[in-house]
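The values are calculated or read from the model by the stated rules, or taken from the named source; none is laboratory data. This one's a predicted model, so the numbers in the text were calculated from it and none came from an experiment. Note that each Cβ is placed from the backbone with ideal geometry, even for glycine, and that neighbours are counted across all protein chains shown.
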Amino acid sequence: MDINMIIFGGLAIVMIVSALFAVTSSKIMRATTLLLFVLFGTAGLYFMLHYTFLGAVQITVYAGGIVVMFIFAILLIGKGSMDITQTSIRRYLAGMATALTGMALAIYLIMNTDFHSDKFTADGVDMKLLGNALMGTEKFNYILPFEAMSVLLLACTVGAIMIARKK
Amino acid sequence: MLDFTTITTAIDQYLHSVMPAPAATLTECAIVAICAIAAYLVFAIVMIFMERKVCAAFQCRLGPTRVGFWGILQVFADVFKMLIKEIIEIKRSDHILYNLAPFLVVMSSLITFCCLPFAQGLQVLDFNIGVFFIMAASSFGILGILLAGWSSNNKFSMIGAMRSGGQMISYELSVGLSILTLVVLSGTMQISEIVEIQTQGWFIVRGHIPAIIAFIIYIIAGNAETNRAPFDLPEAESELTAGFHTEYSGMGFGLFYVAEFMNMFIIAGIASALFLGGWAPLYIPGLESFNNAMCWIPGIVWFLGKTFFVIWLLMWIRWTFPRMRIDQVLVLEWKYLVPIGLLNLLIMTICVVMGWTL
């Protein structure tokens, strides 16, 4: 058996099991921690594809940023007040319908997409290429979204300071 | 100079000759993992002993002298004491998260430890994004601290964890900015390449003023990242008993303790790799015979020498300055270090563009 299949299988099992427990756990903190393992698994998949930049971004942004923010939010709201104590049957059905629709859509897209696997290179993407694409002003470069994003972040920071400041 | 890739290639070829390729790869993974964990623990032991002796020297004491010659076996006695302690189960706490938290912290620091360039070719993880991966891997250690504080069911642990979270997230920014300054100077993020460039002169010399400013910012922010004095607010003994690890006993506490020491080793290791040349020997242009003589000293000696020099600096700071208040810690970061770091990044970019580097 190919070594990549073994690693992929391991990551897939970790991700699926963590995702299932994250959804079914009644404790919000455990669900967040399990979500973290799903995100680690995704980062592992990117590393497996030698796309180390996206893998590191996945870890920094999601594990080091979003999950930390989730935990901070839970801690500030109050211990245990967000734990799920009872669930109605209507919620179950609505959740299941959403999940099944999402899964059907995902399977349809995977089956009908050309993944350009012939363009895959095993030595990853050069960082200079990525940097030039992010900061370039040519066609198919991303300087405008990049700057718009920084303005958005600045607006968020100013807003946070405004809310936090007490007159 | 000894290139370790010859040794690793020989081992690789031997393993491939005796077993099929997937098995050889898995065996290599296992060997590397065992070596990395063993090195991690050996350095932790050395550093705990060094901390005791350096602290004693700064306080005009002798430090441990009873267990073994010159107190050498003291750390082993400490570990033995920790192992025979009772593991206390906290009532109404989340046991799964409580037991998971120390491992998250150790995992984060172990992955970062694997990125350090110990000698030429002696490096476990060497991605083309190198330093960015180090920042990514060290950023989730904080999750373990937050979970430890939350799952202990203790308000002092909780306050310690929140302080730690705020402090580590803030100071990550300064660490990132000073590393970025060096990336601008080197033009690459791959750690092996960064060190390779420095065989023609260390970055702290080649980058002169901006590099020295970045080094000072990095040392301050790195000290805060490891939660050590003068930034040891998360575990300020007089206020919070022991902060986020108050409720941990035995090896749970031991893992946090080891991770804290190894984070200091990693901070010092990255400082030596980025600023002081890693395994690159001392190089002075024009003195060829001197440079050749320096090349006879093995790279691992250079790397460990520089790393332990930086560790000694960190310990000097630790045992000299009094603890700061939490508001002072945050003011120092957001009102001084971040603006200086941003300005310094600009100065470095101008220097590189104008060709003012050495």
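Annotations for the structure displayed:
- Boolean, A:LEU130 is in a helix (DSSP H, G or I) and touching a helix residue (DSSP H, G or I) at 6+ places or on another chain (Cβ under 9 Å): yes
- Residue in segment A:141-148 that is assigned to a helix (DSSP H, G or I), closer than 30 Å to B:MET158 by Cβ and not assigned by TED's automatic domain parsing to the domain that holds A:PHE47 present: no
- Qualifying residue in segment A:21-33 (condition: of a type in the set (Val, Ile, Thr), under 13 Å from the mean Cα position of the chain (by Cα) and over 20 Å from B:ALA148 (Cα atoms)): no
- Residue check, B:GLY341 of a type in the set (Gly, Ala, Ser) and at pLDDT below 90: no
- Residue selected from segment B:118-143 under the condition facing another protein chain (nearest Cβ under 10 Å) and small (Gly, Ala, Ser), by the criterion farthest from B:GLU193 (Cα to Cα): B:GLY141
- Test result for B:ALA148, under 18 Å from B:LEU255 (Cβ atoms) and in contact with a Cys (Cβ under 9 Å, 6 or more places away or on another chain): no
- Of the criteria (1) within 21 Å of B:HIS208 (Cβ to Cβ); (2) assigned to a helix (DSSP H, G or I), which one B:PRO285 fails: (2)
- Of all residues in segment B:272-299, those satisfying the criterion of being closer than 18 Å to B:GLN120 by Cα and surrounded by fewer than 24 Cβ atoms within 10 Å (Cβ to Cβ) are B:LEU276, B:PRO281, B:LEU282, B:TYR283, B:ASN291, B:ASN292, B:ALA293, B:MET294, B:CYS295, B:TRP296, B:ILE297, B:PRO298.
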